[in-house]
1. Dividing the Cα radius of gyration by the Kirkwood radius, what Rg/Rh value follows for the stretch 32-128?
2. Tell me the relative contact order for the stretch 43-128 as a rounded percent, counting alpha carbon contacts under 8 Å between residues six or more apart.
3. Put a dot 7 Å past each Cα toward the Cβ at GLU89 and GLN107; how far apart are the dots in nm?
4. Can you work out the accessible area per residue across the stretch 51-128, with the rest of the protein chains kept in place, probe 1.4 Å, in square angstrom?
5. At 1.4 Å probe size, with no ligands or nucleic acids counted, give the accessible surface of THR97 in Å², nearest ten.
6. Can you give the net charge of the other residues whose Cβ lies under 12 Å from the Cβ of THR54, counting K and R as +1 and D and E as -1?
7. Sequence-distant or interchain residues sharing an amide H contact under 5 Å with ASP78, placed H: which?
8. Given the pairs LYS35/LYS120; LYS35/LYS105; LYS35/LYS84; LYS73/LYS120; LYS91/LYS111; LYS84/LYS120, which are separated by over 29 angstrom at their Cα positions?
Amino acid sequence: YEIRLSLVGSEMCIRDSLPADEIVRGRSFAPLLRKEIIPWDNNFYGEYSTHHTTQTDMRVYRNPDWKLKRDFKNPTHDELYDLKHDPDETKNLIESTDPAIQQMKQQLHAKIVENMRTLKDRALPWVK
């Protein structure tokens, strides 16, 4: 809702009406639409969980060059892609033994866990 209020010129922000300890995910991209130059981080964290017929707690962290998807309830579904050289995500590198790829996997995994802790993710007990 913040983007809608920002675009109509309102100084009010939904975030201001929430309790101070409330975690607000995301940020307004209204300044970009107004062609303002602002610092922007192209890293991305995402979550997807199901708890019905199938059970999954997927978390993903992506930077401009790499993407790691972890499924904490189904680790055999984990995926790692070198987006710079494989933008269509055709070669899953999760099982690679290349030390540079393993290091990138560890770095992205650490970012996933950092975000999960910040958000008090209920899937944290599944993290290894």
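1. Result: Rg/Rh = 1.02.
2. Working: 123 pairs, mean separation 18.1, N = 86.
Here the relative contact order equals 21 percent.
3. Label at GLN107, label at GLU89, 2.0 nm between them.
4. 65 Å²
5. Around 120 Å² of this residue is reachable by solvent.
6. -1
7. Residues meeting the criterion, in which the H sits 1.01 Å from N, are ASP71.
8. Values: LYS35/LYS120 34 Å; LYS35/LYS105 35 Å; LYS35/LYS84 27 Å; LYS73/LYS120 17 Å; LYS91/LYS111 22 Å; LYS84/LYS120 31 Å.
Flagged as over cut-off: LYS35/LYS120; LYS35/LYS105; LYS84/LYS120.
The values are calculated or read from the model by the stated rules, or taken from the named source; none is laboratory data. What you see is a predicted model, and the numbers here were worked out from it, not measured in a lab. Backbone-built Cβ (ideal geometry, glycine too); neighbour counts: all protein chains shown. We work out accessible area using only protein heavy atoms, side chains counted, and drop any ligands, DNA or RNA first. Shrake-Rupley method; radii C 1.70, N 1.55, O 1.52, S 1.80 Å.
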